[in-house]
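J.: Here you go, one structure.
Bear in mind that the values in this text are calculations on the coordinates, not laboratory data. All values derive from a computational prediction rather than experimental measurement. Every residue, glycine as well, gets a Cβ built from its backbone with ideal geometry; the counts of neighbours run over all protein chains shown.
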Ligand SMILES: [Zn+2]
C-alpha cells in the first residue's frame with residue numbers, strides 16, 4: 001500500500017514537471033535566438049546567452 005502511494009506521488013511529480021516543460025512561454029513578446037535557440041525578449045538586440053547580435057529574419 002505504501003509503495004503504491006509512493007509510486008503515485010512520483011508519477012504525479014513527473015507529470016507536473018513534464019506539463020510545466022511542455023507548456024511554451026508567452027511567445028507574443030519573445031523570439032528565438034537564431035544562434036543558440038534560446039528564448040529572448042522580442043526587443044533584444046544582443047542575445048544574453050550567446051552575446052551575438054540578433055537580426056530579425058525575413059521569415060518567422
Ligand atoms: Zn543566442
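J.: Return one number: the angle in degrees, 0 to 90 and rounded to the nearest 10, between the long axis of the Cα atoms of helix 2-22 and the longest principal axis of the Cα atoms of the chain.
T.: Its long axis makes an angle of about 10 degrees.
J.: Based on alpha-carbon atoms only, what is the radius of gyration of the chain relative to the globular estimate 2.2 N^0.38 Å?
T.: It is 1.78.
J.: Over the chain, what is the relative contact order in percent, taking alpha-carbon pairs closer than 8 angstrom and at least six residues apart?
T.: Dividing the mean separation by the residue count of the chain yields 17 percent.
J.: Kindly state, to the nearest 0.05, the FRET efficiency for residue 8 paired with residue 43, given R0 = 30 Å and r defined as their beta-carbon distance.
T.: 0.10
J.: Fewest first, what order do 39, 48 take by the number of other Cβ atoms within 10 Å? Walk me through the intermediate numbers first.
T.: Values: 39 14, 48 10.
If I rank by nearby Cβ atoms, fewest first, I get 48, 39.
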